[in-house]
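S.K.: Sharing a structure with you now.
Values quoted throughout were computed directly from the atomic coordinates according to the rules given, and no laboratory measurement underlies them. All of these numbers come straight from a predicted model, not from anything done at the bench.
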Amino acid sequence: MLRSRVVLSLGVAIGASALAAHAVASDLRGTLAGADSLTPSPRTAPPRVRASYWEVPNGVVPIAAPRASVEYDLGVILTGPGLAEATQPVALRIEGGRCRPGTVVVTPGTTLDITNADLVGHELYAVARGATDRVVPAEFTSPRTRRQIQFARAGVYELRDVRQPSFRCWVVAGQGQGRVMLPNATGAFATTGLGDGEYTVKVYFEGESRGSQTVTVRGDNATVQVSLGGAAAPAERDHHHGDR
C-alpha cells in the first residue's frame, strides 16, 4: 500500500513538472512592416562593353529600381532570457548566389558556420565595411560543403566572393547575437520554446539596424510587428548599448 502511494505521488509530481514545463514554453510569431522602404545600395559589377537593354532609358518602360528581398536581404534576431549569446556556431546559408540571412550577428570570437548550398563554388573573403583589406582570406568552398570563420573584433564586415563580384552579405560582430529567425517572402517569422520574460526583436539590413521592437512573453503565445520605416541606425551603436 505504501509503495503504491509512493508511485502515485511520484507520478503526480512528474506530471505536474511536465505541465509546468509546457506552460512556460511559448511561441512567438511576428511580421515585418515597411520593407518597401528598403533600397539596396549599388553593388560592384565587372565592367561591360555596354549596359543591357533593360538598363537603358527608352522613354517607354521605366527602369526598375532594385528592391530588397524580405526573405534573403534581412536579418531578424531575437534576444532575451535564456537565448544563447556566444555558445554555439551561428549558421549562414548560401543559396541562389545569396546569403540567408542577409545580415548575421555574431559575438566576436564565435564561429560562423557557412554552408554553400549552391551548385557552384564560392571563393569567399571578408573586409571591414568601407575598407579593402581582407580580414578573412579568400578560400574556395565547393558546392554542398561548409566553411567556418571567426571575427575577433567588433565591427561590421562584408562577405564577398572573388568569383562573383556582385555577391555581398553582412556580418555584425558585437553584442546581440541571440537567435536567428528567418522571415518568409511575406515578412512573417516565428520561433518556439520561449520562457517568460521580455524579448527584443531587431531587424538588420545591409549591416545596419533598421527596426527594433520589444515583446513580453507571460505563459502564452505572443505576437509582434516590427516597423522598418525608420532611418538606418549604425550597427556599431549596438556594441555599446546592447539589445537587452
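S.K.: Which three extents, in whole angstrom, do the alpha-carbon atoms of segment 82-169 cover along their principal axes, largest first?
M.R.: So the extents along the principal axes, rounded to whole Å, are 37, 28, 18.
S.K.: Can you give me the pair-distance distribution of segment 112-155, C-alpha pairs, 10 Å bins, whole percents?
M.R.: 26, 49, 24, 1
S.K.: Give the separation of the Cα centroids, segment 181-211 to segment 107-150, in Å.
M.R.: One Cα centre to the other: 24 Å.
S.K.: So how many Å³ per residue does the convex hull of the Cα atoms of segment 150-226 work out to?
M.R.: Once divided by residue count, the hull of segment 150-226 is 135 Å³.
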